[in-house]
Amino acid sequence: MIEVSPSSSLSVGLSRPWVLRDYAFLGDGERGALVGPRGEVVWLCAPRWDSDAVFSGLIGGAGEYVVRPEDDWHVWGGYYEDGTLVRVNRWVTAGGIIECREALAMPSTPDRLVLLRRVRAVRGDARVEFLLDPRPGFGREAMTDVRREGDVWCASGGGLRLRFVGAANAGPAPGGGLRGRLSVPRGEEHDLVLEIRAGNATDSTDRAGFDPALLWRRTEQHWREAVPDCHELSAPSDTRHAYAVLTGLTSSYGGMVAAATTSLPERANAGRNYDYRYAWLRDQAYAGIAVAAHGRHPLLEGAVRFVTERVLEDGERLRPLYTVSGGPVPEQSSLPLPGYPGGSDRVGNQAAEQFQLDSFGEVLQLYAAAARHDCLDRDARRAVDVAVEAVENNWQRPDAGLWELGTRWWTHSRLSAATGLRALAEQLPGHPSARRWTRLSEAVLRETRRRCLRPDGAWARAEDDERPDAALLIPYARGLSAGARADEGTSAAGTDQAFRRTRRLVEEELAVDGFVYRFRHDGCALGEAEGAFLLCGFVMAMATHREGDAVAAYRWFERGRTAYGPPGLFSEEYDIGQRQLRGNLPQAFVHAALLEAAVRLDRPG
């Protein structure tokens, strides 16, 4: 017999911060949760990615949802079910083994989330305690009007409405919320279902809205259809997991957030803490290009749709990032919270106002990749013309670049544009503008060689900065020089030689122990200012493979795959010395780069 009763032991404020590598991620495309190893949901924005958080313990705010063993004497572990973001927390206690299977229910809608948690007594009876205390507005508000309607707990607050099923006999917790205890006999299981809706969302008329069995079946079916079989690739389990993470970060609008969180530090107390709960067009293109390298999958079509809508709407005024629904990103501001240790509490992002030429280049590369799968509809083809015209009118204009630094004549931005133009011409040779695209690509590349080629024949990172930059390998990994026409100063051989020298320079000056840094910060040793940049390690693997050295390429690839914690999630950076993740989590473009590298390394260079 399963018993649910009030608890007198679990108290508010239980959660404490863990190192980032220990957090698991649940996502349904419209929002995401981070769950700690002791069953605490420390981050969840509702109802959407860029909404205020209802559980914000990750950055020091109030609000938590904990399901954990009653016995403190336990160790933890867990795993994702293959090709899904269904997470199983697993605890070994003195008296047995307890699992908690959890997921954000799918398919999802923007205004309603459902968080599923299923407690299973694997060995011995499971004695579990829980605490549910949502605090909208990043912890500033409490849910009010808490009441029980039959077996359903209801509450409202902060413009949200809540329903909670599976704990009818729970009791009030000190300071607010509900707490209780579950006793599940060996071999049995018990479900908890939490629904949070926007205040103006209509009540669900689905009779199965709180049927755990049906909710789980629908979620399982959705994941089976969303994530393709990757058995033919290197590291098939990791590549399927990368697909699942990208799926969990991509909304029904097609927009994909860069990461689920905000303000997680790239380096402790260094001031580099940013809000990544928005859709960067560059990152969106990276994901679409990676998926296209593998095949025609829904994530590619969604990326093309989202990018096309933005290009047609904004043209040359295209912003680097948007909300996942295509809206403007709010200005950066701070919350009155302590932040994750070493981090801060920023929301909004000031990069939304920058001009980043490489975004146009990546968009063109995405369209070329989509054209290979016949994924360009009439609107997308119109957007191609708009994006090309924007490059034509702006490629000589200084920009903020891939790393969103000061406005300069960044080499990577021009090489990205040239890569996109050439790829389009190759994929759409019959297009009436194909020759124009090729001529423009050659003009961009010729001028970039004139301004940005070092005396030793390698690429400089900018016209006025001869230092190496790992970003310069991205166009090489994508095949910029392949098929280049012989022309004055821009022969295929000369371009290849420049990239080969650049790759060696990056390896000599920016690589440590098989990991790659972006660039050297003034006056700082590698690893002092920031961690190794995981995107760059996978790009290095692809660039090395282009040179025909498969063994070395796989070494880079396998080294990069080690840079995660038990849940198998990548952040933006990796602290080599401490073996720790740095930055927001999970970082979409790193998972995309892993996927793309796995595909390209399994093909002839």
Considering only residues that are modelled with pLDDT under 60 and among the charged types (D, E, K, R), look in segment 481-517 and name the one that is farthest from His545 (Cα to Cα).
-> Glu488
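I'd like the residue in segment 551-605 that is aliphatic (A, V, I, L, M) and closer than 21 Å to Ala525 by Cβ and, out of all such residues, is surrounded by the most Cβ atoms within 10 Å (Cβ to Cβ).
The initial filter retains those residues of segment 551-605 that are aliphatic (A, V, I, L, M), namely 551-553, 563, 569, 576, 581, 585, 588, 590, 592-595, 597-599, 601.
Checking the rest, the ones that are also closer than 21 Å to Ala525 by Cβ come to 563, 576, 581.
Values: Ala563: 23, Ile576: 17, Leu581: 27.
Only one residue fits best here, namely Leu581.
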Count - residues of segment 509-549 that are under 18 Å from Asp496 (Cβ atoms) and over 22 Å from the mean Cα position of the chain (by Cα) = 7
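Of the residues Ala351, Ala369, which is outside any loop (DSSP other than H, G, I, E, B) and at pLDDT below 95?
Numbers: Ala369 fails: at pLDDT below 95.
Exactly one residue qualifies, and that residue is Ala351.
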Apart from one, (1) in a strand (DSSP E or B); (2) within 19 Å of Arg68 (Cβ to Cβ) all hold for Trp153; the odd one out is (2)
Would you call Ala94 crowded, with 16+ Cβ neighbours inside 10 Å and of a type in the set (Gly, Ala, Ser)?
-> no
Run Gln396 past the list (1) in contact (Cβ under 8 Å) with a residue 60 or more places away in the chain; (2) assigned to a loop (DSSP other than H, G, I, E, B) and report the number of the one that doesn't hold.
-> (1)
Which of the following residues is out of contact with any helix residue (DSSP H, G or I) (no Cβ under 9 Å at 6 or more places or on another chain) and within 30 Å of Cys524 (Cβ to Cβ): Arg217, Arg277?
-> Arg277
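The values are calculated or read from the model by the stated rules, or taken from the named source; none is laboratory data. This structure is a prediction, so every number in the text was calculated from the model and none was measured. No Cβ is skipped: glycine too gets one built from the backbone with ideal geometry, and neighbour counts run over all protein chains shown.
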